[in-house]
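Chemist: Below is the structure I would like to discuss, written out as structure tokens.
The values are calculated or read from the model by the stated rules, or taken from the named source; none is laboratory data. Keep in mind the model is a prediction, meaning the values are calculated, not measured. Methodologically, a virtual Cβ is constructed for each residue, glycine included, from the backbone with ideal geometry; neighbour enumeration extends over all protein chains shown.
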Amino acid sequence: MAQSQRPSSLFRNLSAKIAAIPMILTALVIFVGCTVWTVVYSFTKSRMLPKEDFVGLMQYERLWATKRWLVSVENIAIYGICSLILSLVIGFVLAALLDQKIRFENTFRTIFLYPYALSFIVTGLVWQWILNPTFGIQKVVRGWGFEDFTFDWLANTDYVIYAVLIAGLWQGTGLVMALMLAGLRGIDEDIWKASRVDGIPSWKTYLFIVIPMMRPVFVTTLVIIAAGIVKVYDLILAQTSGGPGIASEVPAKYVYDYMFRAGNLGQGFAASTMMLVTVLIILIPWVILEYGGKKNAS
Amino acid sequence: MPHNPETTMTEPRGPKPSKSFSRRNIIIYGLLLLAVFYYILPLYVMIVTSLKGMPEIRLGNVFAPPVDITFEPWVKAWGSACTGLACDGLQPGFINSVKILIPSVVISIAIASVNGYALANWRFKGSEVFFTILLFGAFIPYQVMLYPIVILLRELGLFASLGGIVLVHTIFGMPILTLLFRNYFASVPEELFKAARVDGAGFWGIFLKIMLPMSLPIFVVALILQTTGIWNDFLLGVIYAGTKNFPMTVQLNNIVNSTQGVKEYNVNMAATMLTGIVPLVVYFISGKLFVRGIAAGAVKG
């Protein structure tokens with residue numbers, strides 16, 4: 001826009017600056033200010049109230065020595081990796097199926113995407129009921145005559161996180177499908193014509209031509225899913241409340257419980273800082289990859 | 001991929017295959033129906049369970065349709081289910097959610113639309129820097145900012161109040177909404193903008209007389225995005241709204257996961273349905289705009 005070339009004086013373009021005040025305040029006070037505040041206070045001995053009593057890495061040492069935190073990290077790693085891979089695979093396969101000039105495409109798409117409109121609380125509670133060991137799927141299958149059938153993941157400390165995964169995928173794969181479908185529709189039709197002329201089977205075209213062409217869509221989707229995974233909280237709370245025992249705890253719940261229930265702010269700050277670090281580890285390579293190159297080129 | 005290698009005609013945009021019962025089609029529709037089963041099942045189970053009596057639930061199976069249809073669970077879920085604190089059902093939660101939703105949606109969209117307009121058409125020195133920080137903020141886990149915001153709201157006298165939760169929703173909705181509006185206004189032809197400038201229209205004049213009338217679709221997209229997002233929120237509501245303003249999601253969780261008394265699964269499922277109805281209605285009415293909203297929010301980032 002031409003406006004960007006104007007000489008910058010504080011009062012020029014004043015209305016725009018006034019209009020941007022909420023954004024500037026949010027960016028500086030909330031996103032930068034509050035984040036820095038939490039990181040700084042994670043090095044203090046704060047308990048019920050924040051205190052400027054710096055103790056170095058003590059909170060972090062304690063954090064990584066706490067069983068519940070280790071379980072939380074392990075759970076989010078399992079949930080995260082499975083969720084990333086399965087979301088991408090299921091989302092892409094569904095999108096590819098819908099892209100075959102099929103009938104009722106809109107109906108199918110509506111059905112796959114509606115869970116995304118529902119909250120994690122609703123999602124968690126429904127799947128808690130379906131997977132209920134006493135009344136849910138296990139009972140139904142046993143009723144069919146398979147007396148030994150067991151499907152009690154919600155009561156099983158080793159499998160409970162996979163029960164959460166089933167619910168999480170149900171809620172989120174529709175979004176991935178929608179993003180992938182948009183990506184597939186953006187592929188030039190000539191690509192398909194060319195590969196057909198060459199007699200390449202369509203699964204090979206997908207695997208070696210279409211998917212590499214859709215790299216930006218995949219990367220963006222990956223970042224969106226990953227950023228969502230780190231924040232997983234409501235789903236766990238509704239479906240399992242972290243149980244049985246501490247078997248399905250996650251970092252976000254650790255933060256909430258220590259900050260607002262146990263009155264141990266320092267632990268909450270340290271744990272949330274670890275979450276931030278995880279997001280940065282995901283985000284920074286993406287930004288460099290996606291935007292670093294572009295800036296150099298232009 | 002579930003394709004038959006022999007059918008080299010396979011391609012997404014070709015003419016419709018002549019044989020509608022080809023092996024390829026059976027595989028495609030088979031897989032799609034399998035997926036439909038997975039996605040529909042919970043909705044079906046929710047509805048079916050909410051219409052049964054407790055004895056039928058204990059004896060029967062979750063997938064069976066109700067023998068004696070009863071709306072008792074819905075009535076109880078709405079008006080008299082217990083949360084452990086009180087036995088008023090979901091009704092107060094619903095009212096709270098509406099009270100949170102309306103001002104949050106209106107204020108956040110009003111602020112973000114003007115802001116997006118300023119960023120698209122009236123850039124000033126540093127505007128892009130702030131915008132970049134704002135976008136990064138969308139990826140920061142809320143957990144990192146939760147406590148300092150509690151302190152800020154307390155200082156402002158807004159903690160545990162309706163005003164507090166509305167402010168928090170406005171703040172956290174800002175990155176995505178601003179992005180949405182900025183991209184939309186940036187796509188408006190520049191000639192239009194320049195012509196209005198020549199005619200002497202200023203910042204607000206152009207916004208109100210030119211930009212607003214032609215941007216109804218993007219406002220609808222923003223409305224859908226915010227309505228479902230705020231209605232479905234749990235974490236912010238439980239922390240910042242205060243006990244008497246708890247939104248419906250919080251109350252739902254308190255009802256279902258309350259440890260007191262006998263578990264009434266039919267009431268729980270009716271309550272879950274009631275909480276899900278608002279976003280579902282929004283979703284089914286809005287159709288393609290919903291997809292456009294999430295795609296615009298997600299991909300253009």
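Chemist: Can you name the helices (runs of 4 or more DSSP H) wholly within segment A:200-298 that have at least 1 residues being touching a residue at least 24 places away in the same chain (Cβ under 8 Å) and either within 24 Å of B:LEU252 (Cβ to Cβ) or among the β-branched types (Val, Ile, Thr) (or both)?
Modeler: In segment A:200-298, A:215-230, A:234-239, A:251-256, A:265-287 are the helices (runs of 4 or more DSSP H) which contain 1 or more residues that are touching a residue at least 24 places away in the same chain (Cβ under 8 Å) and either within 24 Å of B:LEU252 (Cβ to Cβ) or among the β-branched types (Val, Ile, Thr) (or both).
Chemist: Only one of these is in contact with a Ser or Thr (Cβ under 9 Å, 6 or more places away or on another chain) and closer than 20 Å to B:ILE218 by Cβ: B:ALA160, B:ALA138, B:ALA112. Name it.
Modeler: Residue meeting the stated conditions: B:ALA112.
Chemist: Quick one: what pairs do we get from segment B:158-178, first residue crowded, with 22+ Cβ neighbours inside 10 Å, second part of a loop (DSSP other than H, G, I, E, B), C-beta under 7 Å, 6+ apart or different chains?
Modeler: Listed pairs, sorted by first residue: B:GLY164/B:LEU158; B:ILE165/B:ALA241; B:PRO175/B:ALA138; B:ILE176/B:ALA138.
Chemist: Please pick out the residue among A:ARG185, A:ARG196 that is under 15 Å from A:LEU94 (Cβ atoms), facing chain B (nearest Cβ under 9 Å) and charged (D, E, K, R). Lay out the reasoning, then the answer.
Modeler: Working: A:ARG196 fails: under 15 Å from A:LEU94 (Cβ atoms).
Criteria check complete, one pass: A:ARG185.
Chemist: Is it the case that some residue within segment B:87-94 is crowded, with 21+ Cβ neighbours inside 10 Å and without any contact (Cβ under 8 Å) to a residue 12 or more places away in the chain?
Modeler: No: segment B:87-94 contains no residue that is crowded, with 21+ Cβ neighbours inside 10 Å and without any contact (Cβ under 8 Å) to a residue 12 or more places away in the chain.
Chemist: Restricting to segment A:104-121, what's the tally of residues that are of a type in the set (Val, Ile, Thr), surrounded by 21 or more Cβ atoms within 10 Å (Cβ to Cβ) and free of Cβ contacts under 8 Å to residues at least 12 places away in the same chain?
Modeler: Of the residues in segment A:104-121, 0 are of a type in the set (Val, Ile, Thr), surrounded by 21 or more Cβ atoms within 10 Å (Cβ to Cβ) and free of Cβ contacts under 8 Å to residues at least 12 places away in the same chain.
Chemist: Pick out the one residue from A:PHE112, A:PHE135 that is under 24 Å from B:ASN253 (Cβ atoms) and at the interface with chain B (Cβ under 8 Å from one of its Cβ atoms).
Modeler: Testing whether each residue is under 24 Å from B:ASN253 (Cβ atoms) and at the interface with chain B (Cβ under 8 Å from one of its Cβ atoms) leaves just A:PHE135.
Chemist: Could you run through segment A:101-153 and say how many residues are outside any loop (DSSP other than H, G, I, E, B) and at pLDDT 90 or above?
Modeler: Our first condition is that a residue be outside any loop (DSSP other than H, G, I, E, B); within segment A:101-153, this holds for A:105-117, A:120-130, A:137-143, A:153.
In the following step, the residues that additionally are at pLDDT 90 or above were identified as A:107-117, A:120-130, A:153.
Here the count works out to 23.
Chemist: For A:GLY56, all conditions in the list (1) surrounded by fewer than 18 Cβ atoms within 10 Å (Cβ to Cβ); (2) within 11 Å of another protein chain (Cβ to nearest Cβ); (3) not hydrophobic (A, V, I, L, M, F, W, C) hold save one; what is the number of the exception?
Modeler: Every listed condition holds for A:GLY56 apart from (2).
Chemist: Any residue in segment B:180-193 that is surrounded by 23 or more Cβ atoms within 10 Å (Cβ to Cβ), assigned by TED's automatic domain parsing to the domain that holds B:ILE111 and among the hydrophobic types (A, V, I, L, M, F, W, C)?
Modeler: Scanning segment B:180-193, I find at least one residue that is surrounded by 23 or more Cβ atoms within 10 Å (Cβ to Cβ), assigned by TED's automatic domain parsing to the domain that holds B:ILE111 and among the hydrophobic types (A, V, I, L, M, F, W, C), so the answer is yes.
Chemist: Moving on. Which residue is nearest to A:GLY174 (Cα to Cα), if the candidates are limited to segment B:71-84 and must be of a type outside the set (Gly, Ala, Ser) and in contact with an Asp or Glu (Cβ under 9 Å, 6 or more places away or on another chain)?
Modeler: Taking the candidates together, the pick is B:PRO73.
Chemist: Just need a number here: residues in segment B:76-124 that are in a loop (DSSP other than H, G, I, E, B) and of a type outside the set (A, V, I, L, M). Give the derivation first.
Modeler: The initial filter retains those residues of segment B:76-124 that are in a loop (DSSP other than H, G, I, E, B), namely B:80-90, B:122-124.
Going one step further and asking which of them are of a type outside the set (A, V, I, L, M), we end up with B:80, B:82-84, B:87-89, B:122-124.
Qualifying residue count, segment B:76-124: 10.
Chemist: Identify all residues within segment B:137-148 that are among the hydrophobic types (A, V, I, L, M, F, W, C) and either touching a strand residue (DSSP E or B) at 6+ places or on another chain (Cβ under 6 Å) or over 17 Å from B:PHE181 (Cα atoms) (or both); write none if there are none.
Modeler: Passing the criteria: B:PHE139, B:ILE140, B:VAL144, B:MET145, B:LEU146.
Chemist: Taking B:MET174 and the conditions (1) over 28 Å from A:ILE225 (Cβ atoms); (2) not in a loop (DSSP other than H, G, I, E, B), which numbered condition does it fall short on, given that it satisfies the others?
Modeler: Unmet condition: (1).
Chemist: Which of the residues that make up segment A:63-106 are within 9 Å of chain B (Cβ to nearest Cβ) and polar (S, T, N, Q)?
Modeler: Passing the criteria: A:GLN100, A:ASN106.
One line per residue, one yes/no per condition, for (1) farther than 18 Å from B:ILE40 by Cα; (2) touching a helix residue (DSSP H, G or I) at 6+ places or on another chain (Cβ under 8 Å); (3) in the same structural domain as A:CYS82 (by TED's automatic domain parsing):
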position: A:ILE166; (1), (2), (3): no, yes, yes
position: A:GLY174; (1), (2), (3): no, yes, yes
position: A:MET177; (1), (2), (3): no, yes, yes
position: A:ASP188; (1), (2), (3): yes, no, yes
position: A:ILE191; (1), (2), (3): yes, yes, yes
position: A:GLY199; (1), (2), (3): yes, no, yes
position: A:THR205; (1), (2), (3): yes, yes, yes
position: A:VAL210; (1), (2), (3): yes, yes, yes
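Chemist: So which of B:VAL267, B:VAL221, B:VAL262, B:VAL238 ends up being without any contact (Cβ under 8 Å) to a residue 60 or more places away in the chain and either at positive phi or in a helix (DSSP H, G or I) (or both)?
Modeler: B:VAL238
Chemist: Kindly indicate whether any position in segment A:69-89 is over 21 Å from the mean Cα position of the chain (by Cα) and over 13 Å from A:ALA167 (Cβ atoms).
Modeler: Taking segment A:69-89 and keeping what is over 21 Å from the mean Cα position of the chain (by Cα), we get none.
Checked against the condition, which is being over 21 Å from the mean Cα position of the chain (by Cα) and over 13 Å from A:ALA167 (Cβ atoms), segment A:69-89 yields no hits at all.
For (1) more than 10 Å from chain A (Cβ to nearest Cβ); (2) at pLDDT 95 or above; (3) under 31 Å from the mean Cα position of the chain (by Cα), each residue gets a yes or a no:
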residue	(1), (2), (3)
B:ARG24	no, no, no
B:LEU32	no, no, yes
B:MET46	no, no, yes
B:SER50	yes, no, yes
B:GLY53	yes, no, no
B:GLY60	no, no, no
B:PHE63	no, no, yes
B:VAL67	yes, no, no
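Chemist: State whether the residues of segment B:204-215 include one that is within 30 Å of B:ARG58 (Cβ to Cβ), out of contact with any Lys or Arg (no Cβ under 7 Å at 6 or more places or on another chain) and either at the interface with another protein chain (Cβ under 10 Å from one of its Cβ atoms) or not aromatic (Phe, Trp, Tyr) (or both).
Modeler: Within segment B:204-215, the subset within 30 Å of B:ARG58 (Cβ to Cβ) is none.
No, segment B:204-215 contains no residue that is within 30 Å of B:ARG58 (Cβ to Cβ), out of contact with any Lys or Arg (no Cβ under 7 Å at 6 or more places or on another chain) and either at the interface with another protein chain (Cβ under 10 Å from one of its Cβ atoms) or not aromatic (Phe, Trp, Tyr) (or both).
Chemist: Going through segment A:131-172 one residue at a time, which ones are within 22 Å of the chain's Cα centre (by Cα) and closer than 29 Å to A:ARG109 by Cα?
Modeler: A:ILE161, A:TYR162, A:ALA163, A:VAL164, A:LEU165, A:ILE166, A:ALA167, A:GLY168, A:LEU169, A:TRP170, A:GLN171, A:GLY172
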